[in-house]
Amino acid sequence: MNSFKVQYTIDGEDFSVAGEASRKLKKVLQSLGVDPQIIRKATVAMYEGEINMVIHADGGVIDAEITPEKIHLFLRDKGPGIPDIALAMTEGFSTASDNVRELGFGAGMGLPNMEKYTDYMNITTEIGVGTTIEMIVNTSLS
Amino acid sequence: MDKIIHSVTLDTDKCKGCTNCIKMCPTQAIRVRKNKAKIIKELCIDCGECIRVCPYHAKKAVTDSFDMINNYKYKIALPAPAFYGQFDKATKIESILHALIKAGFDDVFEVAYAAQLITKRTKELIASGELETPIINSACPAVVNLISTKYPSLLNNVIPLISPMNLAAIMARKIAEEKTPYKGSEIGIFFITPCAAKATCTKFPLGLPESVIDGAFSFKDMYLKVVPHLNDKECEQDLSKAGFKGVCWANCGGEVVSLELDNYIAVDGIHNVIHVLEEIENDKLSDVEYVEALACTGGCVGGPLAVENNFVAQTRVKKMAKTARGNGEAPEFDMDLVWQTPIKIRKQRNLDDDMFVAMEKLAKIDEIYDRLPKLDCGSCGSPSCRALAEDIVRGYSKESDCIIKFKEKIALFANEMLDGSDNVE
Ligand SMILES: Nc1ncnc2c1ncn2[C@@H]1O[C@H](COP(=O)(O)OP(=O)(O)OP(=O)(O)O)[C@@H](O)[C@H]1O
Ligand code: SF4
Ligand SMILES: [Mg+2]
């Protein structure tokens with residue numbers, strides 16, 4: 001076995017289970033013996049992406065591939081797409097509704113944090129078709 | 001690797017092998033094997049949740065026997081502030097302290113009084129801006145154990161100060177050595193503990209190289225020794241020194257009240273604490289300044305070794321804090337209270353040190369889990385089907401430990417037998 005692959009389906013309907021996939025990934029990384037600080041980076045990034053899929057895109061699928069060198073995450077959704085990636089990446093930018101803000105989300109910090117906690121991040125998006133976010137966290141401690 | 005020591009243990013004679021504790025343990029540290037509960041040392045955080053839920057009282061906290069005070073010439077009691085809430089409504093702090101003397105001690109030193117100095121130093125640390133936010137309190141050793149076991153990335157958020165209990169012990173010893181002719185091992189210092197976690201800390205203190213306390217007696221044991229003396233006539237000496245800011249540490253939220261903070265979360269109950277720690281790990285609480293997290297509902301008044309109902313005790317302590325004699329100012333004591341030894345991250349329980357082998361084992365766990373009934377009934381002795389799958393791969397269990405699986409097998413076997421006998425006829 002050269003890598004460990006796992007897939008999570010993110011339910012866009014149920015807000016209460018949002019965050020479950022990143023919690024599961026955390027357990028996987030712990031049982032593989034990944035360093036705690038690296039686990040934290042990967043799970044925070046995935047958590048933010050997961051929440052975005054629930055709030056902004058009606059759910060989707062997350063594929064994770066883990067090797068001794070890196071944690072590779074693919075987040076795919078069939079949501080509305082992101083019209084202006086640079087704008088969405090700006091700290092504080094959010095289109096979240098008041099309802100969502102009341103739940104404590106919508107600070108516009110998710111995407112910037114995903115970039116901050118990962119070593120590589122790439123967003124591909126098409127309006128009306130969906131968004132794919134690829135993220136890599138290196139597991140070496142440098 | 002360092003030995004992991006904890007005070008929660010099992011009375012095997014009383015254990016019936018039921019599944020109450022394995023289901024409630026917040027770190028899934030208990031299994032039932034051969035009809036007896038077993039604690040996995042690496043995972044136990046000494047929270048005492050199992051002590052509370054065991055219907056047969058088979059889970060216990062190891063505390064010391066009161067007779068041990070006779071080994072010392074000068075005996076000092078250190079009551080935790082929550083101890084004050086254990087008695088009848090009319091009881092005053094002063095009466096409790098005097099009753100402790102009548103029960104056999106030569107002096108008392110209130111942990112609440114030492115807590116006032118911890119409060120002051122904590123304030124200074126917060127103001128220095130050196131700690132990662134949210135800052136997490138370190139007064140509850142079960143929470144610190146939880147962090148070093150399950151949330152090690154948050155250790156930098158934890159206040160690196162010794163506990164009020166250990167500070168009280170150091171102060172009490174110094175005062176005794178000054179005012180009495182006794183020295184060193186002639187002086188015995190005994191903590192009156194609400195819980196297993198603090199009992200462990202009397203032997204293996206957080207942040208100190210060695211123990212500064214000679215013994216730990218439980219609230220329950222001391223309650224029986226103190227009650228007969230509560231109405232004795234008080235002696236001349238004023239024993240109580242603690243004020244509001246110290247006594248209120250007994251309740252959850254007390255620490256933040258004495259720290260005079262506004263932007264905080266005070267969370268009690270180990271399962272709630274886990275929830276908050278997860279939020280912190282997910283970077284969701286970076287706008288919060290301080291988190292007071294206590295393993296027991298209500299704080300230390302709800303400790304697993306407490307006598308009184310925690311809600312009743314909370315109200316009593318609140319009232320007592322208001323009328324406490326001291327002014328609540330920090331006592332003068334010249335000592336650096338910062339941890340002398342860092343808290344170690346507990347070795348994470350990976351499946352194998354070789355990641356490729358760990359991957360194979362993880363895949364195997366998934367495969368076994370798929371076959372299990374997913375009822376999470378606990379009858380196999382593991383807390384969930386997922387945990388059983390993991391235990392099988394780790395070599396501690398077998399698939400036939402699942403009673404549903406076992407039944408299926410028997411049914412299959414029985415059918416084969418019947419088919420066989422059909423053939424004979
Ligand atoms: N998967 C997605 N599909 C469509 N739009 C998205 C998606 N993810 C993010 N966005 C857009 O980008 C904006 C910024 O996202 P970001 O995660 O930074 O902030 P937020 O989700 O609004 O708030 P926060 O993450 O702080 O709770 C969102 O408000 C939304 O308009
Ligand atoms: S809250 Fe208090 S009584 Fe409960 S485990 Fe923590 S220190 Fe002990
Ligand atoms: Mg977001």
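Descriptive notes on the structure:
- Residues B:LYS123 and A:ASP14, FRET efficiency given R0 of 41 Å [Cβ-Cβ distance, rounded to 0.05]: 0.45
- Screening chain A for whole DSSP H helices of 27 Å or more along their axis (Cα) with average Kyte-Doolittle hydropathy at least -1.0 returns A:36-57.
- Helix B:310-323 axis versus longest C-alpha principal axis of chain B: approximately 20°, rounded to the nearest ten.
- FRET efficiency, 1/(1 + (r/R0)^6) with R0 60 Å, evaluated for A:GLU69 and B:ASP238 via beta carbons: 0.35
- Cα long-axis angle, helix B:355-371 against chain B (0 to 90 degrees, to the nearest 10): 70
- Taken over the stretch B:1-62, the percentage of Cα pairs per 5 Å bin, counting from 0 up to the bin with the maximum distance, is 4, 21, 34, 26, 12, 3, 1.
- Label zone of A:GLU134 (point 7 Å out along Cα→Cβ, amide N under 16 Å): in the stretch A:48-74 this covers A:62-67, A:70-74.
- Three-way shape label, the stretch B:111-154, alpha-carbon gyration tensor, a/c 1.5: oblate
- Electrostatic dipole magnitude of the protein assembly as shown [Cβ: Lys, Arg +1; Asp, Glu -1; Cα centre; debye, to 20]: 2180
- Mean residue ellipticity, 222 nm, helices only, chain A: the sum of -39500 (n - 2.57) across DSSP H runs of n ≥ 4, divided by residue count and rounded to 500, is -10500 deg cm²/dmol.
- Helix-derived mean residue ellipticity, 222 nm - over chain B, DSSP H n ≥ 4, -39500 (n - 2.57), to 500: -12000 deg cm²/dmol
- Build a GNM of chain A with springs between Cα atoms under 10 Å apart, and of A:LEU111, A:LEU73, A:LEU87 the one that fluctuates most is A:LEU87.
- FRET efficiency estimate (nearest 0.05) - Cβ-Cβ, B:ASP354 to B:ARG394, R0 22 angstrom: 0.90
- Relative contact order of the stretch B:66-322, defined on C-alpha pairs under 8 angstrom at six or more residues apart (%): 30
- Solvent exposure ordering (accessible area, 1.4 Å, most first) of B:HIS275, A:HIS56, B:HIS98, B:HIS6: B:HIS275, A:HIS56, B:HIS6, B:HIS98
- Separation between Cα centres of the stretch B:60-122 and the stretch B:274-328, rounded to whole Å: 20
- Shape class for the protein assembly as shown, computed from the alpha carbon gyration tensor (a ≥ b ≥ c): oblate, with a/c not under 1.5 and a/b at or below b/c.
- Cross-link reach is defined here as a Cα-Cα straight distance under 16 Å, omitting same-chain residues fewer than 8 places apart; for B:LYS203 the lysines meeting it are B:LYS3.
- Bridge orientation summary for the protein assembly as shown: considering DSSP beta bridges with both residues in this region, about 65 percent are antiparallel.
- Debye log10 I(q)/I(0) at q = 0.12, 0.14 Å⁻¹ for chain B, Cα point scatterers: -0.99, -1.27
- Annotation note: trypsin sites (Lys or Arg not before Pro) in the stretch B:207-279 located in DSSP loop regions with a Cβ neighbour count of at most 12 within 10 Å are B:LYS233.
- Probe 1.4 Å - accessible area at B:LYS92, Å² to nearest ten: 120
- Greater than 32 Å apart at Cα, pairs in A:LYS26/B:LYS41; B:LYS225/B:LYS245; B:LYS92/B:LYS284; B:LYS36/B:LYS89: B:LYS92/B:LYS284; B:LYS36/B:LYS89
- Largest accessible area first, the listed residues A:THR132, B:THR149 line up as A:THR132, B:THR149 when surface is computed with a 1.4 Å probe on the assembled protein chains.
- Qualifying GluC sites (Glu not before Pro) for the stretch A:74-142 [loop in DSSP, other Cβ within 10 Å: at most 14]: A:GLU91
- Projecting the Cα positions of A:LEU29, A:ALA107, A:SER97 onto the charge dipole of chain A (unit charges on Cβ atoms of Lys, Arg, Asp and Glu, taken about the Cα centre) puts A:LEU29 furthest along the positive direction.
- The mean sequence distance of close C-alpha pairs (under 8 Å, at least 6 residues apart), as a share of the length of the stretch A:6-142, puts its relative contact order at 27 percent.
- Within the straight-line cut-off of under 17 Å between alpha carbons, the aspartates and glutamates reachable from B:LYS220 are B:GLU49, B:ASP64, B:ASP67, B:ASP88, B:GLU308, sequence neighbours fewer than 8 places apart in one chain being disregarded.
- Straight Cα distances below 15 angstrom link B:LYS347 to the aspartates and glutamates A:ASP35, B:ASP2, B:GLU42, with same-chain residues fewer than 8 positions distant left out.
- Restricting the GluC sites (Glu not before Pro) of the stretch B:217-256 to loop positions (DSSP other than H, G, I, E, B) with no more than 12 neighbouring Cβ atoms within 10 Å leaves B:GLU236.
The values are calculated or read from the model by the stated rules, or taken from the named source; none is laboratory data. If you're wondering where the values come from, they're calculated on a predicted model, not measured in any experiment. Ideal geometry is used to build each Cβ from the backbone, glycine not excepted, and the neighbour counts take in all protein chains shown. Heavy atoms of the whole protein, side chains included, go into the accessibility calculation; ligands, DNA and RNA do not. Shrake-Rupley method; radii C 1.70, N 1.55, O 1.52, S 1.80 Å.
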